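Notes for the one structure printed next.
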């Protein structure tokens, strides 16, 4: 008999750091980690009316469905981007994952708080899918985290989002904002397994 798979699932409603965001806008995020070496991320942006989403800056040429043209790119967090932070329990090191609506992505490893940043290689590029409806946008991403993440360690995690509203600026969404600024690297935001 083979061993049973272990899975961790975390769903969160995110709140903005900035007070000036379109009225009626909601952001949710979900992560599924399993010990088979895969991570699934899902993000939803829901607006009470299309007005909330019409000002959202998104890459041109988006298609509904799989984003096959995505590439590894740096600085995705400067515009609309969906993020996850994974930490090893009891260790300072952590990983930052960025996925964009057009399929662009980045994964970084940090030795400690904002130090020792290095690109993390992946066995395969993430599979990123975008769906847009009248008042909502949903992004789903599946990416391999094996062999760099051990299969027997469930991550501490934080799910975050940056929404770019053009001239109105970016809003930064997380489960909490314990400091004076929107700091997604703050390990106090990470939820334990």
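Table for the structure above
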quantity	calculated
Cut-off 15 Å, label 7 Å out along Cα→Cβ of residue 125, residues of region 141-171 by amide N	141-144
Distance from region 25-91 to region 115-193 (C-alpha centre basis), Å	7 Å
Three-way shape label, region 129-182, alpha-carbon gyration tensor, a/c 1.5	oblate
Global geometry of region 88-193, whether rounded, prolate or oblate, following the gyration tensor of its Cα atoms and the 1.5 cut on a/c	oblate
Rel. contact order, % - alpha carbon contacts under 8 angstrom, at least six apart, the chain	26 percent
Rg and Dmax of the chain, Cα atoms only, in Å	16.2, 59
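Quick note: the coordinates plus some simple rules give every number you see, no bench work behind them. Please read all numbers here as calculations on a predicted model, not as lab measurements. All Cβ positions, glycine included, derive from the backbone under ideal geometry; neighbour counts span all protein chains shown.
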